[in-house]
Amino acid sequence: MKNLFLFLVFIGWFTSYPASAQSQNHETATFRNPIISGFHPDPSICRVGNDYYLVTSSFEWFPGIPIYHSKDLMHWQQIGHVLTRPSQLQMTDGLRHSNGLWAPTIRHHKGKYYVICTAQQAGGNFYVTADRPEGPYSEPIFLTDAPGIDPSLFFDEDGTCWYTGSINDTPEQDKYQNEDRIYLQQLDLTQGKLIGERHILTSGHAINAPYCEAPHLYKINTKYYLIVAEGGTWENHAITVFTADKVTGPYTPGYANPVMTHRHLGKDIDITTIGHADLVQTPQGDWWAVMLGVRPLKGYTMLGRETFLTPVSFQEGWPVFNPGVGRVLATEKATGLSPVLFEKEAARDDFNEDSLRLCWNFLRTPFEKWYSLENGMLTMNVRPNSIHEDTNPSLIARRIEHFNFTAQLCMEFNPRKSEEAGMIVLQNSSHHYKVVLCREANRQVVKLIKRERGQEATVASLPWKARKCFIKLVAQGLDYHFYAGDSEEKMQALGGTQDASINSSNKAGGFIGPFIGMYTSSNGQKSSNKVSFDFFEYQANE
């Protein structure tokens with residue numbers, strides 16, 4: 001009887017242990033791709049001891065460059081942002097959609113963390129440093145003599161720091177369409193500038209290979225390896241590799257290029273757009289690559305470009321990506337590292353903390369503080385700035401990370417003429433939905449408004465008298481269902497089923513993924529009003 005009791009206790013403990021951790025204990029354990037879901041493109045990774053740190057592009061969203069930590073490469077937790085102060089990131093009014101921060105690279109050298117990136121339409125190429133991976137990071141050092149995009153750093157064994165980037169500067173008569181070149185130059189970290197001769201390394205593995213970019217340089221044994229992306233960042237994306245005996249080249253393409261691409265698999269495959277890779281080696285000597293990819297939903301890019309992980313094996317000195325498979329899989333064999341899971345953040349944010357959670361973002365740089373956290377409420381100033389303009393509106397939003405989810409909020413707002421506040425789910429200023437409480441003909445109404453290709457239409461409206469307003473969105477693949485009510489239990493449908501695909505990259509254009517959050521505006525009119533949000537909840541339904 002005692003043995004039976006101990007057996008039942010053991011079974012109860014095992015079944016209560018997280019399912020992902022259970023699977024890691026099995027010989028054929030797996031993990032799911034993407035490792036970081038939602039809008040997380042252009043991943044770069046480094047290892048320090050047994051810890052891994054990863055950064056991704058953030059484009060026009062602030063704070064800039066989210067940074068993640070992992071112990072096993074499979075489970076990740078955001079620990080901060082690289083650029084958290086307005087002085088570090090001057091994304092001013094007029095910064096266009098899909099500009100901002102492109103293609104960061106993170107490296108660690110002699111106890112210091114380096115992140116280098118392009119601030120498109122916001123200053124050019126720069127780097128920052130920190131003593132800890134979560135920061136704080138220094139003020140940016142802009143490299144005014146470093147043209148092009150997609151900068152990366154490589155520290156050679158002698159301590160020399162090399163800069164690589166992508167440039168499009170060949171004479172027009174000598175240039176194929178969209179031909180870019182990868183160049184290398186020494187970076188003097190004491191002076192914060194490039195020095196010495198500039199070396200052109202490659203323009204892609206084949207003649208007229210377009211958009212050669214995202215260079216990363218490594219020294220493995222006695223060889224230098226240059227990994228680049230080419231073919232553009234959508235379905236024709238590819239990863240190619242070159243080797244050299246000296247850091248300055250010449251670099252020779254391998255016969256097996258491209259080493260990884262999904263472009264030959266067609267648009268109906270579960271993962272497309274694979275490219276922009278960065279390598280990392282575990283303490284056990286195994287190699288892995290992080291890269292961006294897209295999970296299309298019936299052909300639509302609904303979550304933006306995400307971060308994926310796949311194994312790499314060096315065979316006769318040549319990297320083989322996912323040996324025996326040759327593509328990135330949605331389910332991959334585990335890394336072999338002891339799994340370390342992180343506690344999930346609560347789905348509901350009651351705004352009881354002194355600062356915003358790391359998931360929240362602003363559109364462009366907020367040079368003034370127009371919100372506050374007090375008494376369990378997030379209060380936002382109603383400002384003239386509108387989501388329709390290239391400015392910093394009163395908008396606080398988070399990435400959408402799932403095809404199926406429920407989001408809801410509760411707010412208190414007494415709108416005046418021209419003012420509105422509520423929930424917004426958006427891809428950009430020309431493509432979004434918003435459910436807002438506003439004033440119309442001397443009465444309060446809740447409106448569902450759709451904006452597509454810059455054209456706005458009211459889909460549905462309800463008269464409103466309650467003090468509090470609850471708004472909910474249920475997303476089911478390519479369908480949105482909006483609701484409003486005076487309590488969570490009493491919600492009324494707004495407008496029936498709506499087309500979620502207007503928030504896809506296919507229709508909206510650009511390089512980012514959709515966001516959802518809280519928004520208010522007086523639409524060009526002066527205002528002293530405020531709106532208070534009691535909570536915001538985002539819950540996956542997958």
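The simple spin-label model puts a point 7 Å past each Cα toward its Cβ; for residue 440 and residue 169 those points are separated by 5.5 nm. One chain, two ends: residue 87 and residue 282. Fully extended at 0.36 nm per residue, the span grows by 66.6 nm beyond their Cα-Cα distance. The residue among 237, 299, 525 whose Cα reaches farthest toward the positive pole of the charge dipole of the chain, with charges on the beta-carbon of Lys, Arg, Asp and Glu, is 525.
Could you work out the relative contact order of the chain? I mean the mean sequence separation of Cα pairs under 8 Å and 6+ apart, divided by the number of residues, in percent. Relative CO of the chain lands at 13 percent.
Only loop residues by DSSP count here, and only those with at most 11 other Cβ atoms within 10 Å; note down the trypsin sites (Lys or Arg not before Pro) in region 71-159 that meet that. Mind dumping the intermediate values first?
Details: sites: 71, 96, 107, 110, 112; in loops: 71, 96, 110.
Loop-located and lightly packed - 110.
In terms of packing, defined here as the mean over residues of other Cβ atoms within 10 angstrom, the peptides 154-161, 484-491 line up highest first as 484-491, 154-161. Listed by chain and number, the lysines whose C-alpha is less than 27 Å from the C-alpha of residue 267, apart from same-chain residues fewer than 8 away, are 298, 333, 507.
To the nearest 20 debye, what is the magnitude of the charge dipole of the chain about its Cα centre, counting +1 on the Cβ of each Lys and Arg and -1 on the Cβ of each Asp and Glu?
On the way: 49 positive and 57 negative charges, 264 e Å.
It comes to approximately 1260 debye.
Within 10 Å, count the other beta carbons around each residue, average over each peptide in 503-515, 181-193, and list them highest first.
Values: 503-515: 21.9, 181-193: 17.5.
Per-residue Cβ counts within 10 Å, averaged per peptide and sorted highest first, yield 503-515, 181-193.
Look at (1) 80, 75, 44; (2) 68, 54, 53; (3) 71, 58, 47: the one that is Cα extents along the principal axes in Å derived from this structure is (1). Each 5 Å bin, from zero up to the one with the longest distance, holds this percent of the alpha carbon pairs of region 466-517: 4, 18, 22, 20, 16, 10, 7, 3.
From the alpha carbon centroid of region 192-229 to that of region 267-289 is 18 Å.
Cα-based values for region 348-540, radius of gyration first and Dmax second, are 15.2, 42 Å.
For region 86-133, just say rounded, prolate or oblate: build the C-alpha gyration tensor, square-root its eigenvalues into a ≥ b ≥ c, call rounded for a/c under 1.5, and beyond that prolate if a/b exceeds b/c, oblate if not. It is prolate, given that a/c is not under 1.5 and a/b is the larger ratio. The label-point distance for residue 297 and residue 479, in a model that sets each label 7 Å from Cα toward Cβ, rounds to 1.2 nm. Overall shape: prolate for region 136-240, with the ratio a/c of the largest to smallest alpha carbon gyration tensor axis at 1.5 or above and a/b above b/c.
Can you tell me, using C-alpha contacts under 8 Å and at least 6 residues apart, the relative contact order of region 41-333 as a whole percent?
Working: 758 pairs, mean separation 34.3, N = 293.
In percent, rounded to a whole number, it is 12.
Ranked by the mean number of other Cβ atoms within 10 Å of their residues, highest first, the peptides 310-322, 265-277 come out as 265-277, 310-322.
Among rounded, prolate and oblate, which fits region 41-333 when a ≥ b ≥ c are the square roots of the eigenvalues of its C-alpha gyration tensor, a/c under 1.5 means rounded, and a/b larger than b/c means prolate? Rounded, because the longest to shortest axis ratio a/c is under 1.5.
Each reported figure results from applying straightforward, stated rules to the coordinates on display, with no laboratory input. Everything numeric in this text was worked out from a predicted model, so none of it was measured. Methodologically, a virtual Cβ is constructed for each residue, glycine included, from the backbone with ideal geometry; neighbour enumeration extends over all protein chains shown.
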